[in-house]
Amino acid sequence: MARLLEKYRKEIVPALKDKLGRTNTMAVPKLEKICLNMGMGKAIDDAKLIELGVREMGTICGQKPAVTAARVSVSNFRLREGYKIGCRATLRGKRMYEFLDRLINIAIPRIRDFRGVNPNSFDKFGNYSLGIEEHVIFPEINPDKIDSFLGMDVTFVIRNTGGADESREFLRMMGMPFRT
């Protein structure tokens, strides 16, 4: 079992029930999925960048990502419909909790001049989005073998009824280092 999943079940659920005044365990906020997205606009000029992004994201998340293609043509960007411009992956279950554990405890503290993540990046449903500028903060990536640094977006989809405040408290208890 993933370490963070065990912590969620044994420590965080009872604490959230007390703090939020809930009697039902199913009414406590829960992480449904983590969506990873890596947009590579430079892939229009260099097709090998897509292969690099797919390989690196697969190494980071532990599953093969899907390649995304442009839906519309934009002449100003020399972009045609159908061009491969990124990759994405959706993590669920054990793999999701293992990724979150590595992100919170290993990858985020490796960011230079890190002062905490933005506590206001929640949408009205309580989902949290986080942007990572360089993917080399993950320990699985060898920075010596990387030609170009890729950024990625991470979205935490949280099932709850209380919106952003409950989601923020849930992620804080999970160990997310929010800026004060």
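Of all residues in the stretch 69-79, which are among the polar types (S, T, N, Q) and either exposed (fewer than 12 other Cβ atoms within 10 Å of the Cβ) or at pLDDT 80 or above (or both)?
Residues satisfying the conditions are Ser75, Asn76.
Scanning the stretch 93-129 for residues that are surrounded by fewer than 17 Cβ atoms within 10 Å (Cβ to Cβ) and either of a type in the set (Asp, Glu) or under 23 Å from Ala69 (Cα atoms) (or both) gives Asp113, Asp123, Ser129.
The rows are residues; the columns are (1) farther than 30 Å from Ala27 by Cα; (2) acidic (Asp, Glu).
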| position | (1), (2) |
| --- | --- |
| Phe122 | no, no |
| Ile132 | yes, no |
| Asn142 | yes, no |
| Leu150 | yes, no |
| Asp153 | no, yes |
| Ala164 | no, no |
| Arg179 | no, no |
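As for the stretch 14-21, it holds no residue that is closer than 23 Å to Met176 by Cα, under 23 Å from the mean Cα position of the chain (by Cα) and among the acidic types (Asp, Glu). Restricted to the stretch 1-103, the set of strands (runs of 3 or more DSSP E) holding at least 2 residues that are among the small types (Gly, Ala, Ser) and farther than 30 Å from Glu169 by Cβ comprises 66-69. Within the stretch 147-162, the set of residues being within 30 Å of Leu20 (Cβ to Cβ) and charged (D, E, K, R) comprises Asp153, Arg159. Quick check on Pro119: is it farther than 24 Å from Gly93 by Cα, in contact with a helix residue (DSSP H, G or I) (Cβ under 7 Å, 6 or more places away or on another chain) and either in a loop (DSSP other than H, G, I, E, B) or acidic (Asp, Glu) (or both)? So Pro119 passes the test. Residues in the stretch 104-116 that are in a loop (DSSP other than H, G, I, E, B), more than 21 Å from Pro29 (Cβ to Cβ) and not β-branched (Val, Ile, Thr): Arg112, Asp113, Phe114, Arg115. Out of Thr161, Thr155, one residue alone is in a strand (DSSP E or B) and hydroxyl-bearing (Ser, Thr, Tyr). It is Thr155.
I'd like to check something: does the stretch 37-50 contain any residue that is at pLDDT 85 or above and closer than 18 Å to Ile141 by Cβ? Looking through the stretch 37-50, at least one residue is at pLDDT 85 or above and closer than 18 Å to Ile141 by Cβ. As for the stretch 129-151, it holds no residue that is outside any loop (DSSP other than H, G, I, E, B), among the basic types (Lys, Arg) and within 19 Å of Thr90 (Cβ to Cβ). The residue list Ala66, Ala89 contains one member that is under 17 Å from the mean Cα position of the chain (by Cα), buried (at least 16 other Cβ atoms within 10 Å of the Cβ) and modelled with pLDDT of 80 or more, which is Ala89. Taking the condition in contact with a Phe, Trp or Tyr (Cβ under 7 Å, 6 or more places away or on another chain), under 30 Å from Asn142 (Cα atoms), of a type in the set (A, V, I, L, M, F, W, C) and surrounded by 12 or more Cβ atoms within 10 Å (Cβ to Cβ), does Leu4 pass? In short, yes. Scanning the stretch 137-151 for residues that are buried (at least 17 other Cβ atoms within 10 Å of the Cβ) and under 18 Å from Lys48 (Cβ atoms) yields Ile141, Leu150.
The values are calculated or read from the model by the stated rules, or taken from the named source; none is laboratory data. Worth saying up front: this structure is predicted, and the values here are computed from it rather than measured. Methodologically, a virtual Cβ is constructed for each residue, glycine included, from the backbone with ideal geometry; neighbour enumeration extends over all protein chains shown.
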